[in-house]
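Here the structure comes first, spelled out in structure tokens, and everything after it is commentary.
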Amino acid sequence: MKIIYKTLVIVAFILINSCITPFEPEGVAQIDNMVVIEGNIIQNDTTKVIISRSLALNDENKINYISKASVWVESETGIRYTGKEVKKGVKIQYNVITSGINPALKYKICANIGNKRYESDLVSILRTPPIDSIGFTPDYERKSVTFYVNTQDPENKTRYYKWSYTEDWEFHSEYLAVSEYNPTTKKIFDIEMSQNRHFCWGSSVSSAILIQSTDHLSQDRVFQKNLTSMSSKEKKISYLYSMELTQMAITQEAYKYWENIRKNSDEIGGIFAPQPSEIKGNLKCISNPSEKVLGFISGAIVSKKRVFVWGEDIDIYEPPGNCEVISVGPENPMDIEELYLGGYDVISYFQDTNESVWVTKTCVDCRLWGTKKKPAFWPTSHI
């Protein structure tokens, strides 16, 4: 729950630097080291559970993951689906295969951490309507673009929605290098296209709380709900951008929980907004009922949709424009090792004349901003 940590840090900063007598929100001092359980029980996909501990106000804003926990999803009839711990770098999560579980039953997430048992309330598996469309609106005056979602439930049964997304993008360096400098041998050599530093990819996941209620509307319809915005400087929209959006129906109780969290994280709701210790989820410690646990578990059959958008269709991207080009040769002799150590990268070399062309490295090597690992589903043939 990285958002909760950020909220506490910002609230503390505002209060400490206020000209009036500092107000210390009740319960903030006790929020340190609380167990945080994140995850939703997904009937048509893998359930992913992250367990961590909340941090003190003066700690670094990093997630304190809990490993070696025993995690499972359990039905109201007592059937267990055991989770497997998966590590990705510093991130630790527990994957539970819940695809195909009976949607007519209720389920809960359970975890043993040390000698303590934690459980969520039993939750129903809600059906989620399909995503109608994902679109974007460029703002040429502000030089930005906003992506949005449209959806609806003709049966007027959903009313409360939650979204998350993964995004991938292909981007290119400003210059295509056909040569490379070896700092060990201090030599320049030509390279094959398969060794290029020109085509790269990036990826990320959503972190904002994306929720919407249609309870106040006569129709259960969401129109152009903002998902994310990007400036004209972002490489995400320079060439080809993709978003896979996951839509999930949630209960009114879940919506209120996430709305309170959102107010504290996005709007810093002030001293009259619900404080973190007052935001009650649906998790509890069975071993010690007085212990507070952060998080809210929901259950659903989710819907997904992926879109690809070309940068030229968005048409707002502005290249950095700070690329310095230096030609080295008999007429302009320079120490190429010093050039390399000074932040330049070679793009071409002519052996017969001993001439080479160098450009600011940030404009040549796309690996500084991403990876050469191309997503398996990517539609272009670049390597």
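Taking every pair of distinct Cα atoms and averaging 1/r, then inverting, what Kirkwood hydrodynamic radius in Å comes out for region 118-226?
Details: mean 1/r = 0.0531 Å⁻¹.
By the Kirkwood definition, the hydrodynamic radius is 18.8 Å.
Ignoring ligands, DNA and RNA, please state the percent of accessible area on the chain from carbon and sulfur, probe 1.4 Å.
Values: 10120 of 20350 Å².
Summing carbon and sulfur atoms, their accessible area is 50 percent of the total for the chain.
For the pair Leu176/Thr380, report the inter-label distance in nm, with labels modelled 7 Å from Cα in the Cβ direction.
Result: 1.1 nm between the two label points.
Mean shadow of region 40-156, computed from the convex hull of its alpha carbons, in nm²? Can you show the working numbers first?
Working: hull surface 48.3 nm².
Spelled out: convex hull of the Cα atoms, projected over all directions, averaged, 12.1 nm².
Anything over 26 Å Cα to Cα? Flag those among Lys48/Lys68; Lys68/Lys236; Lys87/Lys108; Lys304/Lys374; Lys143/Lys374, in the order listed. Working shown, then result.
Details: Lys48/Lys68 15 Å; Lys68/Lys236 36 Å; Lys87/Lys108 23 Å; Lys304/Lys374 21 Å; Lys143/Lys374 28 Å.
Checking Cα-Cα distances, Lys68/Lys236; Lys143/Lys374 exceed 26 Å.
Return the percentage of antiparallel bridges among DSSP beta bridges fully within the chain, rounded to the nearest 5 %. Don't skip to the answer; put the middle values down first.
On the way: 94 of 101 bridges.
Bridges in the chain are about 95 percent antiparallel.
Step through the residues of region 283-292 one at a time and calculate ³J(HN,Hα) from phi using the Karplus curve (6.51 cos²θ - 1.76 cosθ + 1.60, θ = phi - 60°), rounding each to whole Hz and writing x for Gly and Pro.
Result, rounded to whole Hz: 10, 8, 9, 5, 6, 9, x, 7, 6, 8.
Let me cross-check Met243: its accessible surface, 1.4 Å probe, with only protein heavy atoms counted, in Å² to the nearest 10?
0 Å²
Can you give me the long-range amide H partners of Asp139? Hydrogens built in the peptide plane at 1.01 Å from N, cutoff under 5 Å, separation of 5 or more residues or another chain.
Counting only residues 5 or more places away or on other chains, the set is Ser144, Val145, Thr146.
Consider all pairwise Cα distances in the chain and report the whole-number % of them above 37 Å.
Values: 27259 of 73153 pairs.
That fraction is 37 percent.
For n ≥ 4 DSSP H runs only, could you compute -39500 (n - 2.57) per run for the chain, divide by its residues and tell me the 222 nm figure to the nearest 500?
Numbers: 4 runs with 36 residues, N = 383.
The helix-only estimate for the chain comes to -2500 deg cm²/dmol at 222 nm.
Residue-wise, which Karplus ³J(HN,Hα) couplings in Hz belong to region 83-98, taking 6.51 cos²θ - 1.76 cosθ + 1.60, θ = phi - 60°, and x for glycine or proline?
Per-residue couplings from phi come out as x, 10, 6, 10, 10, 10, x, 8, 7, 10, 9, 10, 9, 10, 6, 10 Hz.
Return one quarter of the surface area of the convex hull spanned by the alpha-carbon atoms of region 91-177, equal to its mean projected area, in nm².
Working: hull surface 49.5 nm².
Dividing the Cα hull surface by four gives the mean projection, 12.4 nm².
Take the Cα radius of gyration of region 278-343 and divide it by 2.2 N^0.38 Å, with N its residue count; two decimals is plenty.
Numbers: Rg = 29.0 Å, N = 66, 2.2 N^0.38 = 10.8 Å.
That ratio works out to 2.69.
Under a Cβ-Cβ cut-off of 14 Å, what is the net charge of the residues other than Pro330 that fall near it, where Lys and Arg count +1 and Asp and Glu count -1?
Value of the local net charge: -3.
May I ask you to list the lysines whose Cα is less than 18 Å away from that of Lys305, ignoring any residue fewer than eight positions away on the same chain?
The reachable lysines, counting only those whose Cα sits under 18 Å from Lys305, are Lys162, Lys225.
Students often forget the sequence filter, so: which lysines lie under 19 Å Cα-Cα from Lys361 once same-chain residues fewer than 8 apart are removed?
Lys186, Lys187, Lys233, Lys235, Lys372
How much accessible area per residue does the chain have, in Å², with a 1.4 Å probe?
Numbers: 20350 Å² over 383 residues.
For the chain, the per-residue accessible area is 53 Å².
The values are calculated or read from the model by the stated rules, or taken from the named source; none is laboratory data. Predicted, not measured: the structure shown is a model, and the values here were computed from it. Quick reminder, even Gly has a Cβ in these numbers, built from the backbone with ideal geometry, and neighbours come from all protein chains shown. Heavy atoms of the whole protein, side chains included, go into the accessibility calculation; ligands, DNA and RNA do not. Shrake-Rupley method; radii C 1.70, N 1.55, O 1.52, S 1.80 Å.
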